[in-house]
Every structure is written in structure tokens, then in C-alpha cells.
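Participant: First, the structure itself, so that you have it in front of you.
The values are calculated or read from the model by the stated rules, or taken from the named source; none is laboratory data. What you see is a predicted model; the values in this text were computed from it and never measured. Glycine also receives a Cβ, built like all others from the backbone with ideal geometry; neighbour counts cover every protein chain displayed.
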Amino acid sequence: MVFPLYDDNTGRLRTPFVNYAFIAANIFVFVVLQQLGSDTQFTYAFSTVPYEIVTGTDVVTPPRILEHPVTGQRVEIPGLGETPLSVYLTLFTSMFMHGGIAHIAGNMLFLWIFGDNIEDRLGHVKYAIFYLLCGLLASLAHVFTTAAFASQQSSMLVPSLGASGAISGVLGGYLLLHPSRRVTVILFRFLTDVPAWVAIGIWFAFQLISGLGMLGGGSQQGGVAYAAHIGGFIAGLVLIKFFDIGHRNRAAAY
């Protein structure tokens, strides 16, 4: 697995105010509104639920008590809360929520490393639209993949959240705009510099291989919505061509 630490920002001209704002918004929502993940009522009310998006119906379910078959330990699973707005808006609200400290830390690290260069290239407004659109398409990819391949109807009621889909779109755009830019990574326990196409290519290969399991049991395996990652990445690859129209030095990868 590849773990990026930082990239070469030589030549960056703009201060990435929008990227900073996205990072701040994610942290604010997780710390203040989600209470570091402890406010499950808020989290389950504003997460994306595939069934709700497909049907347009808000679903409210009671908490469930699950008992471990071996240890007998009983765990309460929160139910879905009432969404005080259109369920379709959860496609955006879920983009700013996370399931835990490790989840948000990893996502914000990737956004910090790769988002500033995309904003520098596109400009502040176009980058904001690009980011949100990639996140929206990533969420829809997760929803409709779940609907198409879920082996159990209950999978349609599993909420999803996180900025991973939007950030995957950023990675797709970065791959085309800056394929040769050096990225410092930990690669198989070694600290090294590699071209962006290597770092991002390895990351995407892992998502693709891991996501193959979704064909047999829904798009979310082990708590990770790989369909959103793959969908967001592909959206970034496609959309960056349109958002970068008019730039003097368009990427050679086009």
C-alpha cells in the first residue's frame, strides 16, 4: 500500500483558500456537529442512505441490539434518524462527515496534499464546483451500485459518509494535470519519491481490487464504500478535461 506524505509544490501561484475551507469545514462538522463521532443521531440523520435516494423517502428505524455469537457481548446499533431536509441533500451533507478520527485524518491528509495543486490550476470557484460535483457523482455511484448488486435488502439501509469520493475525484484530476510531479510516499515501508502517476496508480489499483467484492455483496465492504472511491476517481478523470478548458498548458495526458 502507498501512503503519501507531501508533494512538490514548486510553481504554485495561488493560495488554496477553497481547499483550506473544505478542510476546515470537514473538521468543524466532525468535531462540533458530530461530537468526534459520538453524536450518532446527527450522523445517521445526515448520512446518505441508498434506499432513501432511490425512493425519495426518508426512513426512520429504531436502534437494534446485536449479540456476538461467541462472546455474547451485546452492542446497540443506532437507528436511522429523521432527516430534517430533503433526503437528496444528504448527498452533499454526508460529504463533510466522517466515521472516526482515523477516517477524517486520512482524508484530510490526501486533500491537503493534492487539492491545492488542482485549485491552483483551475482557480477558486471552478475548483469548488469540481470538488462538490465529484463528491456528488461518487455518492451516486455508491447508491446505484448498492441498488444493483446488494445481496440483501438491508444493505440499502446502511448509511455512508465521508469526503473520500470527492477527494478521489481530486486524485483523478491530479493524475491528468500533474502525472510527473514528485510525491513523497511511504511505499511498502520505504520512504521514497515517486511520480504522481505511480502513487495515485497504486492507490487506484488497490481500490479497484478491493472493490471487486462489491459485485457479490453490495458496494460497501468492511465499512469502505469502494464504489464511491472508484466513481469519484473516474468522475475526476472525465470532468477535469472540461474544467481545464481554456488553460494554456493543458495536460499532455489529454
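For (1) within 30 Å of Arg182 (Cα to Cα); (2) among the aliphatic types (A, V, I, L, M), each residue gets a yes or a no:
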| site | (1), (2) |
| --- | --- |
| Met1 | yes, yes |
| Tyr6 | yes, no |
| Glu52 | no, no |
| Ser86 | no, no |
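Participant: Could I ask something else about it? Inside the stretch 1-17, can you point out the residues that are among the charged types (D, E, K, R) and outside any strand (DSSP E or B)?
Facilitator: Asp8, Arg12, Arg14
Participant: Of (1) crowded, with 24+ Cβ neighbours inside 10 Å; (2) of a type in the set (Ser, Thr, Tyr); (3) part of a loop (DSSP other than H, G, I, E, B), Ser180 satisfies all except one. Which?
Facilitator: For Ser180, the failing item is (1).
Participant: If a residue has to be at pLDDT 70 or above and either over 20 Å from Ala128 (Cβ atoms) or outside any loop (DSSP other than H, G, I, E, B) (or both) to count, how many in the stretch 238-248 make the cut?
Facilitator: Total meeting the criteria: 6.
Participant: Taking the stretch 25-52 as the search range and keeping residues that are among the hydroxyl-bearing types (Ser, Thr, Tyr) and free of Cβ contacts under 8 Å to residues at least 60 places away in the same chain, which one is nearest to Ala141 (Cα to Cα)?
Facilitator: Thr40
Participant: Evaluate the stretch 9-23: report whether one residue or more is closer than 19 Å to Thr90 by Cα, surrounded by fewer than 16 Cβ atoms within 10 Å (Cβ to Cβ) and touching a residue at least 24 places away in the same chain (Cβ under 8 Å).
Facilitator: So far as the stretch 9-23 goes, no, none of its residues is closer than 19 Å to Thr90 by Cα, surrounded by fewer than 16 Cβ atoms within 10 Å (Cβ to Cβ) and touching a residue at least 24 places away in the same chain (Cβ under 8 Å).
Participant: Related question: Only one of these conditions is not met by Gly99: (1) out of contact with any Phe, Trp or Tyr (no Cβ under 9 Å at 6 or more places or on another chain); (2) not in a loop (DSSP other than H, G, I, E, B). Which number is it?
Facilitator: With respect to (1) out of contact with any Phe, Trp or Tyr (no Cβ under 9 Å at 6 or more places or on another chain); (2) not in a loop (DSSP other than H, G, I, E, B), Gly99 is out only on (2).
Participant: How many of the residues in the stretch 72-90 are closer than 13 Å to Gly56 by Cβ and either in contact (Cβ under 8 Å) with a residue 24 or more places away in the chain or in a helix (DSSP H, G or I) (or both)?
Facilitator: Of the residues in that region, 5 qualify.
Participant: Related question: If you check Ala205, Ala227, Ala251, which single one turns out to be of a type in the set (Gly, Ala, Ser), at pLDDT 85 or above and either crowded, with 20+ Cβ neighbours inside 10 Å or closer than 22 Å to Ala128 by Cβ (or both)?
Facilitator: Answer to the selection: Ala227.
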